[in-house]
Amino acid sequence: YDVAPNSRFNIWVDWEDARLADTSVAQVITSTNGVPIVVERAMWWSADSWYEGHNSAGATQAGSKWAAAGGEESGRYAVETYISSQTRAPSAATSM
């Protein structure tokens, strides 16, 4: 994809392939021409109106220890918190 200077570009995963519409995915985004980029994972849901969403920034380097602040489960608004992790190593990683 080409991203114009000082602009935002969205990749709609479910538009890339309909089989991805309800599938968990991970991604690696690389600037192929060396221009620095910022990557985030943004999601939102709509019924009759846009009512919910979340956003998380990507990391610029791999690490062996990470911390996440906050998080909720259930309650009045049936909140769910997800922590996503990925490994590019040739062997399995264990996370908790």
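The values are calculated or read from the model by the stated rules, or taken from the named source; none is laboratory data. Note that the structure is a prediction, hence the values are computed from the model and not measured. So basically every Cβ, Gly included, is an ideal-geometry build from the backbone, and we count neighbours across all protein chains shown. Only protein heavy atoms, including side chains, enter the accessible area calculation; ligands, DNA and RNA are left aside. Shrake-Rupley method; radii C 1.70, N 1.55, O 1.52, S 1.80 Å.
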field: Carbon + sulfur, % of accessible area of the stretch 1-78 - ligands and nucleic acids excluded, 1.4 Å
entry: 51
- request: Please give the per residue accessible area of the chain, computed with a probe of 1.4 Å over protein heavy atoms only, in Å².
  value: 100
field: Net dipole in debye of the chain [+1 Lys, Arg Cβ; -1 Asp, Glu Cβ; about Cα centre; nearest 20]
entry: 440
task: Could I have the simple spin-label model distance between W45 and N10, label points 7 Å from Cα toward Cβ, reported in nm to one decimal?
output: 1.7
statement: Per DSSP, the loop-located chymotrypsin sites (Phe, Trp or Tyr not before Pro) within the stretch 1-78 having at most 15 other beta carbons within 10 Å are Y1, F9, W12, W66, Y77
- request: Please express the Cα-Cα pair-distance distribution P(r) of the chain as a list of whole percents, one per 5 Å bin, running from 0 to the bin with the greatest distance.
  value: 2, 7, 16, 20, 20, 18, 11, 4, 1, 0
query: Given the options I37, I29, I83, which has the most mean-square fluctuation in a GNM of the chain, springs set between C-alpha atoms less than 10 angstrom apart?
result: I83
message: Restricted to Cα positions, what overall size does the stretch 56-96 have along the principal axes? Three whole-Å values, descending.
response: 42, 20, 13
message: Report the gain in length on full extension from A18 to S56: 0.36 nm times residue separation, minus Cα-Cα distance, nm rounded to one decimal.
response: 11.3 nm
message: Output needed for the stretch 21-61: three equivalent-ellipsoid semi-axes, defined as square roots of 5 times the C-alpha gyration tensor eigenvalues, in descending order, whole Å.
response: 27, 12, 9
- line: Scoring the chain by relative contact order with C-alpha pairs under 8 Å, at least six apart, yields a percentage of 12
